[in-house]
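Undergrad: Below you'll find the structure I mean.
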Amino acid sequence: MADNNGEYRAETETKEQVETQIDEVQDKVAARKKKIVKEIREWVVALVVAVLIVLVIQSFLFRIIRVDGHSMDTTLADGERLFVTVADVRFGSVHRDDVVICHYPGRGLTYFVKRCVAVPGDTVYCENGVTHVVYQQDGETVDEPLDDRFAQYYVYGSDHDYEPYVLGDDEYFVVGDNRYNSHDSRDWNGPTATGGGNDGSEDNNVGPISKGKIVGHVRNVIWPLNSLRKVD
């Protein structure tokens, strides 16, 4: 009987040891899972915070935009990276001659870099294919043709001509510095045109855009390094 009891105790102790080892392994697996879940949660939180920071920076502080195309030659070159301030546009004003990043009506979130050539209260018109901006400067009236070379092609007038139009309280006229290779506010048939302007229709007309379409003010070229400069 003693031998049987001894064998029984040995078997019991062995079983308890195995169960203890199993419990230890399970505890280690559970602890490892908990650690992994915690690490994943920390990474997710860090990623969400990083995204929120980027969104706040882009929405209220600044953005880095790449120039794509030649519509702003020779002020800006294709491929250059721009430092664009946002807060001064969102909470402030857009001025005549500011170089801006903007969206066009009906073109989604595509970015366009243009120069603001007319602001609320200025007058725009098109005569013989030439777009004019009329504004007050130093107490004098300035009538500035934006693309006077077009006049030689439309000596008898153009289908795109329109009468003087005063920009409304929330209308801005944006044009590329490369005036003869730029799709911009000049692509408009005037205030009676169907499409373009602020109505958001999906066609190639642009016309005046609202301040809400202007994303930011281009301040500097920051890349490539040999082209660092302020943008005027």
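The values are calculated or read from the model by the stated rules, or taken from the named source; none is laboratory data. Fair warning: this is a prediction, and the values are worked out from it, not measured in the lab. All Cβ positions, even for glycine, are placed from backbone atoms using ideal geometry, and neighbour counts span all protein chains on display.
Yes/no matrix, rows are residues, columns are (1) assigned by TED's automatic domain parsing to the domain that holds V206; (2) of a type in the set (F, W, Y); (3) surrounded by 17 or more Cβ atoms within 10 Å (Cβ to Cβ):
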{"position": "R96", "(1), (2), (3)": "yes, no, no"}
{"position": "I101", "(1), (2), (3)": "yes, no, yes"}
{"position": "P105", "(1), (2), (3)": "yes, no, yes"}
{"position": "Y111", "(1), (2), (3)": "yes, yes, yes"}
{"position": "K114", "(1), (2), (3)": "yes, no, yes"}
{"position": "D138", "(1), (2), (3)": "yes, no, no"}
{"position": "D143", "(1), (2), (3)": "yes, no, no"}
{"position": "V155", "(1), (2), (3)": "yes, no, no"}
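Undergrad: Are any residues in region 75-128 farther than 21 Å from N178 by Cβ and of a type in the set (S, T, Y), and if so, which ones?
TA: Scanning region 75-128 gives T85, S93, T123, Y125.
Undergrad: May I ask you to verify whether C126 is closer than 13 Å to V215 by Cβ and not in a loop (DSSP other than H, G, I, E, B)?
TA: Answer is no for this residue.
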